[in-house]
Amino acid sequence: MSAGRIGCMTTPAQGSRIPDGALDAYDNSRFGSDGKGRYWPGAEAWFAWLLRTVERYGPDRCLWALAPDQPFDAAGTLTESLPWLARIRELGIPAAYAAQDGCDAPGLLPWDGFDVLFLAGSTEWKLGPVAERLAREAKALGKGVHMGRVNSRLRLGVAEWFGCDSADGTYLAYGPDKNLPKLLNWLDELDGRPSLVGGTQPFAVADAPSTAPPPRADLRRRVLPGQETAMIPPQSLELPLVSDLDQRMLLHTVADRLNTVMDHLPMPDQIRLDPGLSEILDDEVRHLASLLGYLAGEHAFRHRAATRYPAQVTATGRRTAHALAAAAEPTGAALAALGSAVHHLGHLADLTHQSPTPARARTTADAHQRLVDSMGAVRTHLARAAKQLRAAADTRTTPSATTPPRPAASADPSRTR
């Protein structure tokens, strides 16, 4: 903790002593280790605890404090949190707001009132496309993002993918002596593999109130274990148990990212010589290169882990690893087609500086058609990659049928035909 690789997340029910120099965060116990919130002391008692804790440890190392919420209830969370967000900020620490299922409805996210978006809600929601979109919107606004209940390497990778600055789970609470080395290896592995989100930013808020704490050290890839929970930013080569749901969600999320690249490309009738098209190609080449790097890096990790720990490999894990590797081929082809599109767009731009002639007109028409064809090829390859990933995600592992043993042949002629 003193080295800053892991930190401490505490709650009113825990009373954890935060080690000197450790990063810390303050949960509210509304969900709690039991998932029912029975350790919630009430709003006034919670805030009194928060005030005492900040006074004891100071605000400078605090990542955030989570305002009271209503688990799985977006409207209820808004009602619970609004009276407390400003009071948290007045303590000089970032205020975190719990995003729940359905919070993307109009008026249910008070963006100006909080500094950190806490991805709460159901597992399916927090790993889905709405949570990803909200996380990226929060990052674009200069806010921090945290994901709750992260207890596997795969889910940790999804959190990192979404751009989360931190995550928490109970991984260290059960067998810390065994799991801490694994967790540190996760962080080493993450630091050495391609990231889909690039560098995330430290928690900061544009136009934050003057009560905000001074700039902190880089808060990326931090782990905050408490006695009940562990905060881990987005792997040990030893394969942790990963649910089939997590595996399927990973494949669907990669497919969603490929489709997002495709959605950003102009349709054939919108393709024309324009600086805006150059900027689109620039952005999507970078995005697609990151995706391709992720596919290669994730498969390499899984390959190494499966070689070291073959007994831990499951049918779902093998299918996921193969799907990621298979998707790299059409993704690479789409990236190559984007490169061709850049070439043809550059040719078109150069032709505008030549004197008008019939030959130039023919060459311009040819270059434009090649550009359109290249963009069409990008879409075709991306659609193929996404389809492969979704097909693998929707495949269920079924027990192999057993064939009843054949009866032994009888030597009695009267019982044979």
**OP:** Only loop residues by DSSP count here, and only those with at most 14 other Cβ atoms within 10 Å; note down the GluC sites (Glu not before Pro) in the stretch 266-317 that meet that.
**Re:** none
Original post:
What is the ratio of the Cα radius of gyration of the stretch 244-393 to 2.2 N^0.38 Å, where N is its residue count, to two decimals?
Top reply: 1.29
Original post:
Residue by residue, what Karplus-based ³J(HN,Hα) values in Hz, rounded to whole numbers, does the stretch 119-126 have, using 6.51, -1.76 and 1.60 with θ = phi - 60° and x for Gly and Pro?
Top reply: 7, 9, x, 6, 4, 4, 5, 5
Original post:
So what's the projected area for the stretch 1-155, the Cα convex hull averaged over all directions, in nm²?
Top reply: 9.0 nm²
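Each value in this text was obtained by applying a stated rule to the coordinates, not by laboratory testing. Predicted model only: the values in this text are computed from it and were never measured. With ideal geometry, Cβ positions are generated from the backbone for all residues, glycine too; neighbour counts draw on all protein chains shown.
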